[in-house]
1. Being at pLDDT below 90 and either more than 30 Å from residue 570 (Cα to Cα) or out of contact with any strand residue (DSSP E or B) (no Cβ under 7 Å at 6 or more places or on another chain) (or both), is that true of even one residue in the range 322-331?
2. Taking only pairs six or more apart or across chains, which ones have beta-carbon atoms under 7 Å, a first residue in the range 385-400 that is touching a residue at least 24 places away in the same chain (Cβ under 8 Å), and a second residue that is in a loop (DSSP other than H, G, I, E, B) and open to solvent by 70 Å² or more (accessible area, probe 1.4 Å)?
3. List every residue pair whose Cβ atoms sit under 6 Å apart, with the two residues 6 or more apart in sequence or on different chains, where the first one lies in the range 322-349 and is touching a residue at least 60 places away in the same chain (Cβ under 8 Å) and the second, anywhere, is outside any loop (DSSP other than H, G, I, E, B) and open to solvent by 60 Å² or more (accessible area, probe 1.4 Å).
4. Of the conditions (1) closer than 27 Å to residue 253 by Cβ; (2) open to solvent by 20 Å² or more (accessible area, probe 1.4 Å); (3) not in a loop (DSSP other than H, G, I, E, B), residue 311 clears all except one; give me its number.
5. Filter the range 230-270 for residues that are over 24 Å from the mean Cα position of the chain (by Cα) and charged (D, E, K, R); which is surrounded by the fewest Cβ atoms within 10 Å (Cβ to Cβ)?
6. What number of residues within the range 48-73 are within 29 Å of residue 203 (Cβ to Cβ) and either in a loop (DSSP other than H, G, I, E, B) or aromatic (Phe, Trp, Tyr) (or both)?
7. Could you grab me the full set of residues in the range 383-400 that are open to solvent by 40 Å² or more (accessible area, probe 1.4 Å), under 16 Å from residue 418 (Cα atoms) and assigned to a loop (DSSP other than H, G, I, E, B)?
8. When you scan the range 88-130, how many residues do you find that are without any contact (Cβ under 8 Å) to a residue 40 or more places away in the chain and among the aromatic types (Phe, Trp, Tyr)?
Amino acid sequence: MILQALTQLYEDLLARGEIPPLGWSAINISYALCLGEDGQLEEVVPTLQEVDAGKGKTVLRPQVKELPAAVKRSSGILSNFLWDNSSYMLGLDEKGKPERSVECFDACRALHHSILDGVDTLAAKAILRYFDAWQPAEAAEHPALAPYLKEIMKGANLMFRVSGVYAQEDPAIRAAWQTHYDMQGGAKMQCLVTGNMDSIAAVHPAVSGVRGAQSSGAALVSFNGPAFCSYGREQGFNAPVGEYAAFAYTAALNHLLSGKDSVQFIGDTTVVCWAEGAEPAYTDFACSALFGAELPQELTEQDISAMLKRLANGLPCTELPLDPNRPFYILGLAPNAARLSVRFFLRDTFGALMRHVNDHHMRMEIIRPANDPHTFLPLWAMLRETVNLNSRDKSPSPAMAAATARAIFTGGLYPASLLEATMLRIRAEHKITRGRAAILKAYYLRNENKECPKEVLTVSLNEASTNISYTLGRLFSVYEAVQQAANPGINTTIKDKYYNSAASTPATIFPILDGLCQKHLRKLGTGQRIYYEKQIMELKNILGEENPLRLTLPQQGSFNLGYYHQTQKRYQKKEEQ
């Protein structure tokens, strides 16, 4: 299903003219070797371009060129056509293995002769003359290479330019390469992806751009050991995928991964998404609605929220051309040595996906501090609430992050690991942020539990609630407010010392807190003391004479929400005054 969807995406992109045809790839090129008609190297021209790196900074990045498809090599010597690194194009490298570099150059020369020997054009002849005349032993001394030699030797990709024209733009050279590429392949079998008879790809092209995977690329489909083989077949013949489908799905996936705005990250998982037809508006909106990415148009969060609700109800948008019935795909990939692991792959209509996302945002809606301008929390901010921001590794648990994303995309139950990680941070930091309170609210709204009822799972303070755990959280917040009023500017409050105990064993801690509160009330003026005493009495009337000995995990969630709601109500009143 994944390969079929990516192959269809390739065909959609090809129809839109956004991806190279079969046998060609988008390659990052850093320098062009400028040759004269006699094949002599006349000049080296950088093809680097300035790219926005954010915060007003720009960096130099290789320019993407449409060139013959890359070969897949691990430790063997295999050359690319019309482009490669310095070992193949110049016979030079910085690894201290000159003999191997010469072998690489010889392989590159042999490949170009095998393809271009019958091509009678200026560019083809100049390239062959270059390979016949170039001396790798003397390359480092060439004056044209001197200004850029250090950067070239670091693995930069090079290509040819003859008399001001790039070699891959020569029609005769393109035709020669296409003929060579089409002739490759062995025995024909039925392709599992297209269903057509095709030459089977023994090794699939590499996929680049997955964070944490090998920089040279990793494989989505591969077989390299006897344990993975069957019926005497080797490598890709164990799951026969035709050359066309292997090229198409990897080209489409590499195209998605190369887009800065279309790639998102959840823990160690790299996420890409696309709509059938390859229209970018769907991807842009999905990334904005879920991950908080910016839309190309000037749309506010309120606009996005309104559009999300319309799509969730199956209605088209007027601001963007989005069809709620369009099939939409989400793919999550994680690194696994030289291979890629599929964390999740989801297919649904765009409207159904947006309905699940909208439901998630509604569950996460909670009163927020005045200095928090965001209407809804993007997924990365939600997962950040589960990690220690003072630790070295600030990444959330990969399994938990992937399970949470899957639950949001499909409308399923949130994983228990999300609740556990959130509660762990609350206990460790004694801090209930907007994000953590929203997670507790959303979790128990979706994963219903009688000990954390809906009456406490509200956006703001529910003063009518009689839930004991929720009321205890409210009372703790009032006790803290009394202490702060009696000791202005205090650094350490009762929350730092007693919060965890109060949330788990209230019968033991609240008598102590009550005694401390009485001492703090004596320091206040009459009006302020009466104001707090009234709140305390109202809450104690709900609680009754005895406090619970212990609170379960769901009851602690109610306690945390009560504390958060009461505290935010207190801050709101200060702002109003």
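The values are calculated or read from the model by the stated rules, or taken from the named source; none is laboratory data. Just so it is clear, the structure is predicted and the values come from calculations on it, not from any experiment. We place every Cβ from the backbone using ideal geometry, glycine too, and count neighbours over all the protein chains shown. These accessible areas exclude ligands, DNA and RNA; they are computed on the full protein's heavy atoms, side chains included. Shrake-Rupley method; radii C 1.70, N 1.55, O 1.52, S 1.80 Å.
1. Scanning the range 322-331, I find at least one residue that is at pLDDT below 90 and either more than 30 Å from residue 570 (Cα to Cα) or out of contact with any strand residue (DSSP E or B) (no Cβ under 7 Å at 6 or more places or on another chain) (or both), so the answer is yes.
2. 387/394
3. 329/347; 332/343; 334/343; 344/406
4. All conditions pass for residue 311, except number (2).
5. Of everything passing the filter in the range 230-270, 234 is surrounded by the fewest Cβ atoms within 10 Å (Cβ to Cβ).
6. Total meeting the criteria: 6.
7. Answer for the range 383-400, where residues must be open to solvent by 40 Å² or more (accessible area, probe 1.4 Å), under 16 Å from residue 418 (Cα atoms) and assigned to a loop (DSSP other than H, G, I, E, B): 388, 394, 395, 397.
8. Counting residues in the range 88-130 that are without any contact (Cβ under 8 Å) to a residue 40 or more places away in the chain and among the aromatic types (Phe, Trp, Tyr) gives 2.
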